[in-house]
Amino acid sequence: MSGPRRRLLAWLQRRPAARAWSLLGPGMLWLVLFFLVPLLIMAAYSLMPRGTYGGVQPGFTLQHYRRFFDPLYLAILQRTLVWSLVCTAVCLLLGYPVAYLVARAGRWRAALLFLVVLPFWTSFLVRTFAMIFLLRDSGLVNNVLLRLGLIDAPLTLLYTPFAVLLGLVYGFLPFMILPIYASLEKLDPTLLEAAETLGATPLAGFRRITLPLSLPGVVAGCFLVFIPAMGSFLTSDLLGGAKQLMIGNLIQNQFAAARNWPFGSAASFVVTALVLVAVTVYLRVRDRAAEGTG
Amino acid sequence: MSVRSRAPRGLVAVAALVYGFLHLPILVLVAFSFNASKFSAEWRGFTVQWYHRLLERADVIRGLELSMVVAAVSTVISAALGTLVALALARHRFRGRPAVEAFLYVPVVTPEIVVGISLLLLFALLGLPLGVATIVIAHVAFSLSFVVIVVRARLAGMDTSLEEAALILGADEITTFRRVTLPQLWPGVVAGALLAFILSFDDFLITSFVAGSGTSTLPLVVYGMARRNVEPSINAISTIILVVTTAVLYLAERVTRER
């Protein structure tokens, strides 16, 4: 063994913290430089006056946050919040039964699970395009309805609130199913057997045992849907057209056409703050649930 | 009657509908990439002409090449850095560890649009020209945490007694890592790397902020086409993207399930 290498190892041996940080160092440096620092720059930009050609001027102002209280932008914020909440609720209603069945599917479990994981990892852009293909005036849905004689003229499905909500649910449903499945899979079946032996009906068993024990998965799923829904851009951009703007579209527009970087940064910071609040609430709820179930 | 025996019919019906909802749109999209009709969603016979048409489009070919290069480079970097971070978290005690763990989850929960614009601001401030390098930097920044999570899960399930035995028998730490830890850890690293590859290959939103005018990855090209009009060539590219991601995902599943 070479001398320098032995000396380096001996030195590291004596300093456990240095050893840990030599492993952590490169990755953490990357995340600090290219994740944390950019977020701080964004926060700073949101408090500075707008420059003439994009960018900012030195100074301090709260005008970009004040501008958010303009009814036009409040309406966009409200729409984003309402749609994200509705999307989360619909995903929960549709996703829970699926997670429940997959968890008890026996030998089909791996295959059924893979069929949920697959869309989870499939390109969001491609999936959104699939929705366009179905919903547009000359799309498959209208085509089939016309052929069956159920309608005389194509329905306007694309570029409506309905299309955006459908796209959001379609996009984020797997994010709800997977965590609920993970918590149901860990559930000890002997608990339900015991309940049944003691005379509980299946419904009571579900309400008193399965549902409470799957709550951590439900809460995690709700946040995994709500957070990306709040920041979504593609769905409303491609399925909603110009009239169904969400915050994501507003932010993107400030960096593309409007060239108002500080206002875009402020809008972006509002989204980040809402997400941080949501995550904090989630961690609180999770810790309390963990205390509750011991 | 045992508890696991049967699920209510209504539940099965809902699940069947959800599976249909999740998969039918994609299946339809793929099927119609082979449709001879250009405009309507009516079936006019089988053709592969849309795939041939793609080969003639320089922007698509270039986008595919660029996406492959970016995904390959950023995957190697995130897999290497992510594995080291996972090792530190799983095998070492140090101060500030809870903070490091919490920090690693920040990229997972931050909306993509926020990541995209904040990186654009950084690059603009530094005067870095937007291009392949900035795309790779961004992709590593958002996929690193996922690699850490996957590799750490593998490390948590690994038996440490072999490593201890190697150290007792006189191997130094680097030799132990190379000959004992890494071979056991490999499936976790490969699975993490494959997921990082998919994340990079599929990313549209973050890339759209940090890509220069001459460096459009495949998703950016597809987005441009989807905004302008809906033609079967997009179905064909979508099918190619789906085949790539499904193949990579299947590989990741196979690798993690071994042993």
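The values are calculated or read from the model by the stated rules, or taken from the named source; none is laboratory data. Keep in mind that what you see is a predicted model, and the values were worked out from it rather than measured. Note: ideal-geometry Cβ built from the backbone for every residue, glycine included; neighbour counts use all protein chains shown.
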*Say whether the condition of being without any contact (Cβ under 8 Å) to a residue 60 or more places away in the chain, touching a Phe, Trp or Tyr at 6+ places or on another chain (Cβ under 8 Å), aliphatic (A, V, I, L, M) and assigned to a helix (DSSP H, G or I) is met by at least one residue in the stretch A:140-161.*
yes
*For the stretch B:192-259, which helices (runs of 4 or more DSSP H) that fit wholly inside it have 1 or more residues that are farther than 22 Å from A:Pro38 by Cβ and in contact with a strand residue (DSSP E or B) (Cβ under 8 Å, 6 or more places away or on another chain)?*
B:232-257
*Could you tell me whether the stretch B:149-168 includes any residue that is within 12 Å of chain A (Cβ to nearest Cβ) and polar (S, T, N, Q)?*
no
*Selection within the stretch A:22-54 - more than 7 Å from every other protein chain (Cβ to nearest Cβ), of a type outside the set (A, V, I, L, M) and either surrounded by 13 or more Cβ atoms within 10 Å (Cβ to Cβ) or in contact (Cβ under 8 Å) with a residue 12 or more places away in the chain (or both)*: A:Ser22, A:Gly25, A:Ser46, A:Pro49, A:Arg50, A:Gly51, A:Tyr53, A:Gly54
*Restricting the first residue to the stretch B:162-176 and requiring it to be closer than 17 Å to A:Ala10 by Cβ, which pairs with a second residue that is surrounded by 12 or more Cβ atoms within 10 Å (Cβ to Cβ) and small (Gly, Ala, Ser) meet a Cβ separation below 7 Å and a spacing of at least six or different chains?*
B:Thr176/B:Ala166
*Considering only residues of the stretch A:73-130 that are assigned to a helix (DSSP H, G or I), without any contact (Cβ under 8 Å) to a residue 12 or more places away in the chain and small (Gly, Ala, Ser), which is farthest from the other protein chains (Cβ to nearest Cβ)?*
A:Ala75
*Enumerate the helices (runs of 4 or more DSSP H) found wholly within the stretch B:1-100, keeping only those where 2 or more residues are hydroxyl-bearing (Ser, Thr, Tyr).*
B:58-91
*Before we move on, is B:Pro111 within 22 Å of A:Tyr45 (Cα to Cα), at the interface with chain A (Cβ under 7 Å from one of its Cβ atoms) and of a type outside the set (Val, Ile, Thr)?*
yes
_Regarding the stretch A:185-193, can at least one residue be identified that is crowded, with 23+ Cβ neighbours inside 10 Å and not in a helix (DSSP H, G or I)?_
no
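This table checks each residue for (1) touching a strand residue (DSSP E or B) at 6+ places or on another chain (Cβ under 8 Å); (2) at pLDDT below 85.
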position	(1), (2)
A:Leu234	no, no
A:Ala257	no, yes
A:Pro262	yes, no
A:Ser265	no, no
A:Phe269	no, no
*Considering only the stretch A:218-277, state which residues are among the small types (Gly, Ala, Ser), more than 7 Å from chain B (Cβ to nearest Cβ) and outside any helix (DSSP H, G or I).*
A:Ser232, A:Ala256, A:Ala257, A:Ala258
